[in-house]
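Structure first, commentary second.
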Amino acid sequence: MTNYIVALFVGAFIGFSLNKAGLTKYNKIVNVFRFTDMAVLKFMMTALVVSMAGLYSLRGLGWITFPNIPSTYIVGNIIGGLIFGVGMALTGY
Amino acid sequence: MKFIWNYIRKEEWSPYVAGILLGIVGIAAVWISDSLLGASGAFENIAGLIGKAVAPKAFDNMYFNFIMPPGITWGVILLVGVFFGGMIGAATSGTLKWGKKDAVNSDAQWKRIFGPQVWKRWVLAFIGAIILEYAAGIAGGCTSGLAISGGMLAAPAAFLFIMGMFASGIVTALVIYRKNY
């Protein structure tokens, strides 16, 4: 039960940060593919760097263990990514 | 205090600040409940739940039994949170358009490319979403589930996915925009 409450709060913060970065708008998403507005990349990479640094140092301290790392299967990942990009540019997800 | 409040009220943050917030949330998710962020899996969990009830034979396969077990999972609750979080974000900046006239389609750029009709937006969103979910199923995650939460664990899968995503996204944008690119 507590897990669900945590999920609700974590989700709310995700939605909030996405909204404030403008990633809920169609034009933001498409313009990154047109190289006119790089907000999506800035947002994604900042989030990646912050959480990567945080998670790896927390693991180094022995405070957390990693959950299952998404498995690599090269063809699936790339083909999935290729189809995903089409939908992303169409809808602005 | 006043400064922070004013910043929260701003409609558009610097993507760096919002990115830092998401990064901290990503750490918190792993730390507190040992789970990763993700959005697309939730739809498949719900689809599995409905499918098992409506047509149990058709949904009795490996994918829905083992890879994406149906049920109200962490991801489903997370998605509910995302919905309300986005709403709170819009409400604090005063752009919440619940029930207003141009609530469905208020994007000027979208109207310029595809036309002002609202039904077009619905149809395109529906088709695009099918493509997105299908692709996320193949790759094993979406932008948040694979690219961001896989990337923060430095999983190679995430970076392969981002490569593919941008390659075809750019091509699709080229096709849609043609001369206006």
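The values are calculated or read from the model by the stated rules, or taken from the named source; none is laboratory data. These numbers come from a predicted model, not from an experiment. Backbone-built Cβ (ideal geometry, glycine too); neighbour counts: all protein chains shown.
Here are a few things to note about the model shown:
- Residues that are over 21 Å from the mean Cα position of the chain (by Cα) and over 18 Å from B:G128 (Cα atoms), drawn from region B:157-181: B:R178, B:K179, B:N180, B:Y181
- Residue list for region B:83-94, restricted to those being within 9 Å of chain A (Cβ to nearest Cβ) and under 20 Å from the mean Cα position of the chain (by Cα): B:F83, B:F84, B:G85, B:G86, B:M87, B:I88, B:G89, B:A90
- The requirement of being of a type outside the set (A, V, I, L, M) and part of a helix (DSSP H, G or I) is fulfilled nowhere in region B:94-103; no residue meets it.
- Which numbered condition A:I69 fails, given (1) at negative phi; (2) modelled with pLDDT of 85 or more: (2)
- Residue count, region B:18-60 (criterion: buried (at least 18 other Cβ atoms within 10 Å of the Cβ) and under 30 Å from A:W63 (Cα atoms)): 19
- Within region B:110-126, residues that are of a type outside the set (F, W, Y) sit with their Cβ atoms under 8 Å from residues that are not in a helix (DSSP H, G or I), at 6+ positions apart or across chains, in these pairs: B:K111/B:N105; B:P116/B:N105; B:V118/B:V104; B:V118/B:N105; B:R121/B:V104; B:R121/B:N105.
- Of the helices (runs of 4 or more DSSP H) lying entirely inside region B:105-181, those carrying at least 2 residues that are under 13 Å from A:N77 (Cα atoms) and either out of contact with any strand residue (DSSP E or B) (no Cβ under 6 Å at 6 or more places or on another chain) or at the interface with chain A (Cβ under 9 Å from one of its Cβ atoms) (or both) are B:118-139, B:156-177.
- For chain A, the helices (runs of 4 or more DSSP H) that sit wholly inside it and include 1 or more residues that are more than 17 Å from B:P15 (Cα to Cα) and more than 7 Å from every other protein chain (Cβ to nearest Cβ) are A:2-21, A:39-60, A:74-91.
- Test: B:E44 is over 24 Å from B:I138 (Cβ atoms) and in contact (Cβ under 8 Å) with a residue 40 or more places away in the chain: no
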